[in-house]
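Q: Could you have a look at this structure, given as structure tokens, before my questions?
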Ligand code: GDP
């Protein structure tokens with residue numbers, strides 16, 4: 001269970017992160033994709049991920065403690081052209097450092113709005129996972145906004161696009177934080193990645 005997950009600390013880069021021990025899973029998603037809502041429903045808490053959005057804590061890496069050996073990490077989701085180039089560059093460097101160096105990182109849980117999948121932000125995250133051989137799990141969230149048929153159609157389209165990426169280790173699912181659809185699948189992925 002992820003019910004006892006608590007905010008730990010935020011860090012501007014991997015050098016200031018907690019000791020690289022045990023296991024962690026990183027959550028990524030373009031701004032407004034639904035990442036905070038996904039983290040909250042997965043950890044069965046009302047506002048856990050809100051701390052990452054609190055001014056002063058909008059840092060690169062936001063660490064949440066699941067237990068002594070496991071962590072969830074909330075990564076900021078830029079994706080708007082308005083973000084100044086200097087900040088985008090800083091973001092790229094911090095995340096590349098984290099992905100390339102972090103030994104306890106077991107996988108990336110990428111949240112996409114099912115109505116707007118595969119944005120440039122998402123393509124960049126996918127490319128990084130492929131490059132650093134990190135397992136990737138994609139949750140197509142806000143599925144309650146589409147009919148079941150349309151949601152499955154999007155799932156198949158995204159799956160076909162990912163299958164074309166040589167050497168990418170991926171899985172994907174439909175999620176709704178609002179209707180609590182897909183929680184068992186999300187928990188199973190985290191359990192698998194974080195198992196000792
Ligand atoms: P973040 O910026 O990626 O952390 O996104 P948030 O979790 O803050 O969600 C952005 C907006 O989408 C908010 O208005 C949420 O209420 C809404 N939202 C998030 N998840 C869902 C969902 O599963 N269904 C619906 N209908 N709305 C959602």
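The values are calculated or read from the model by the stated rules, or taken from the named source; none is laboratory data. Keep in mind it's a predicted model, so treat the numbers as computed, not measured. Backbone-built Cβ (ideal geometry, glycine too); neighbour counts: all protein chains shown.
Q: Would you check if residue 113 is modelled with pLDDT of 95 or more, over 14 Å from the mean Cα position of the chain (by Cα) and within 16 Å of the ligand (Cβ to nearest atom)?
A: So residue 113 does not fit the description; no.
Q: Quick one: would you say residue 106 is out of contact with any strand residue (DSSP E or B) (no Cβ under 6 Å at 6 or more places or on another chain), assigned by TED's automatic domain parsing to the domain that holds residue 37 and surrounded by 13 or more Cβ atoms within 10 Å (Cβ to Cβ)?
A: No; evaluated as a whole, the condition is false for this residue.
Q: Here's another thing I want to ask about it. Mind listing just one residue for me: the one in the range 29-45 that is more than 8 Å from the ligand (Cβ to nearest atom) and part of a loop (DSSP other than H, G, I, E, B) and, of those, surrounded by the fewest Cβ atoms within 10 Å (Cβ to Cβ)?
A: Restricting to residues being more than 8 Å from the ligand (Cβ to nearest atom) and part of a loop (DSSP other than H, G, I, E, B), the top hit is 44.
Q: Would you check which residues across the range 172-187 are in contact (Cβ under 8 Å) with a residue 40 or more places away in the chain, surrounded by fewer than 20 Cβ atoms within 10 Å (Cβ to Cβ) and within 10 Å of the ligand (Cβ to nearest atom) and list them?
A: 178, 180
Q: Just give me the residues in the range 133-157 being away from the ligand (no atom under 14 Å from the Cβ) and exposed (fewer than 13 other Cβ atoms within 10 Å of the Cβ), in sequence order.
A: 133, 148, 149, 153, 156, 157
Q: Additional query: Identify, by number, the condition in (1) surrounded by 14 or more Cβ atoms within 10 Å (Cβ to Cβ); (2) at pLDDT below 95 that residue 22 doesn't meet.
A: (2)
Q: Any residue in the range 67-88 that is more than 28 Å from residue 191 (Cα to Cα) sitting within a Cβ distance under 8 Å of a residue that is part of a loop (DSSP other than H, G, I, E, B) and at pLDDT below 80? List the pairs, counting only those 6 or more apart or interchain.
A: What qualifies is 87/78; 88/78.
Q: Also, quick follow-up: Which numbered condition in (1) out of contact with any helix residue (DSSP H, G or I) (no Cβ under 8 Å at 6 or more places or on another chain); (2) at pLDDT 95 or above; (3) closer than 23 Å to residue 76 by Cβ is the only one that residue 145 fails?
A: The one condition residue 145 does not meet is (3).
Q: While we're on this one: Do you know which of the residues in the range 46-80 that are modelled with pLDDT of 75 or more and assigned to a loop (DSSP other than H, G, I, E, B) is nearest to residue 36 (Cα to Cα)?
A: 47
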